[in-house]
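Visitor: Here it is, the structure in full.
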Amino acid sequence: MRLLAAEAGIFEHQREYKKAIEVLKKILKYDLPERERAMLNYKMGENLSLMGDRQSEHFYAKSVQLTTENGDTSIACEFLRNYADYLEQR
């Protein structure tokens with residue numbers, strides 16, 4: 001799974017968001033700890049938003065929900081702030 005995450009990161013760095021999304025979808029099929037699932041949902045939202053895809057909203061919201069439920073309020077705040085930036089740019 002870490003290899004897939006590294007591959008997604010490489011695609012993001014190369015601005016190949018569609019490829020990164022495909023890899024992230026594969027990773028999200030695994031049984032993951034909630035914190036990792038939240039981070040991956042955030043990365044999905046981020047990549048989708050960079051492609052202008054409104055499905056990003058679902059993944060941003062899911063990442064905030066998961067981090068809040070897990071008690072990671074500082075991470076949830078960061079995700080919300082970044083999501084607000086995305087909404088402002090639309």
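Every number in this text was worked out from the coordinates using simple rules, so none of it is lab data. As the structure is a prediction and not an experimental result, all values here were calculated from the model. Every residue, glycine as well, gets a Cβ built from its backbone with ideal geometry; the counts of neighbours run over all protein chains shown.
Visitor: Give the residues of region 23-79 that are of a type in the set (Gly, Ala, Ser) and closer than 19 Å to Glu12 by Cα, sorted by residue number.
Guide: Answer for region 23-79, where residues must be of a type in the set (Gly, Ala, Ser) and closer than 19 Å to Glu12 by Cα: Ala38, Gly45, Ser49, Gly52, Ser56, Ser63.
One line per residue, one yes/no per condition, for (1) closer than 24 Å to Leu87 by Cβ; (2) over 13 Å from the mean Cα position of the chain (by Cα):
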site: Ala5; (1), (2): no, no
site: Ile10; (1), (2): no, yes
site: Tyr30; (1), (2): no, yes
site: Gln55; (1), (2): yes, no
site: Lys62; (1), (2): yes, no
site: Thr68; (1), (2): yes, yes
